[in-house]
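A.B. asks: To start, I am sharing the structure in question, which I have written as structure tokens.
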Amino acid sequence: MTDITDPNALPLGIRRSAEMAAVFMIGDGLLGILQPTRHVELWRSDVAAVDVLVRPFAGRPGRRRGYGVVQLAAGLLLASVLTRPRSGAVHKPDTIRA
């Protein structure tokens, strides 16, 4: 199993993709916490495969808020372990030049 906390274990593109997933989880979690009813209603669907994902939260803003807290925590945890390679990196960190 790959250790995602090891900056040299995954290619930079994979780490960036994982951070995009973390950003999605953080944002979706915040919307679920702050606007649970509106957020669930927006995602209700006539397509059963889509609706099955949000149906458990319909009419239950507290449940959606709780899930939002879990999403927010998971997204922050995931983002916190993603870093650039320490040695032999192709890309150098950006620097500000005076």
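A.B. asks: Compute the signed sum of charges (Lys and Arg +1, Asp and Glu -1) over the other residues within less than 14 Å, Cβ to Cβ, of LEU30.
C.D. replies: Numbers: positive: ARG38, ARG64, ARG65; negative: ASP28.
Every neighbour counted, the sum reads +2.
A.B. asks: Of ILE14, ILE26, which has the most accessible area and how do the rest follow, probe 1.4 Å? Please list the in-between numbers first.
C.D. replies: Working: ILE14 90, ILE26 40 Å².
Most to least solvent-accessible, the answer reads ILE14, ILE26.
A.B. asks: Please give the solvent-accessible surface of ARG65 in Å², to the nearest 10, using a probe radius of 1.4 Å with every protein chain present.
C.D. replies: Here the residue's solvent-accessible area equals roughly 100 Å².
A.B. asks: ASP28 accessible area, nearest 10 Å², 1.4 Å probe?
C.D. replies: ASP28 exposes around 30 Å² with every protein chain in place.
A.B. asks: Something else about it: Output wanted: per-residue J couplings in Hz (rounded whole) for the range 55-63, from phi through Karplus 6.51 cos²θ - 1.76 cosθ + 1.60, θ = phi - 60°, x for Gly and Pro.
C.D. replies: So the J values, rounded to whole Hz, are 3, x, 9, 4, x, 10, x, x, 5.
A.B. asks: With every protein chain left in place, what is the accessible area per residue of the range 17-61 in square angstrom, probe 1.4 Å? Each step should come with its number before you reach the end.
C.D. replies: Values: 3000 Å² over 45 residues.
Using a 1.4 Å probe on heavy atoms only, each residue of the range 17-61 averages 67 Å².
A.B. asks: All other residues with a Cβ under 14 Å from the Cβ of TYR67 taken together, and with Lys, Arg as +1 and Asp, Glu as -1, what is their net charge?
C.D. replies: +4
A.B. asks: Can I ask one more? Leaving out ligands, DNA and RNA but keeping every protein chain, what accessible area does VAL52 have, in Å² rounded to the nearest 10, with a 1.4 Å probe?
C.D. replies: 80 Å²
The values are calculated or read from the model by the stated rules, or taken from the named source; none is laboratory data. On a predicted model such as this, the values are computed, not experimentally measured, just so you know. Cβ sites come from the backbone with ideal geometry, for glycine too, and all protein chains shown count toward neighbours. Surface areas here come from the heavy atoms of the whole protein model, side chains and all, with no ligands, DNA or RNA. Shrake-Rupley method; radii C 1.70, N 1.55, O 1.52, S 1.80 Å.
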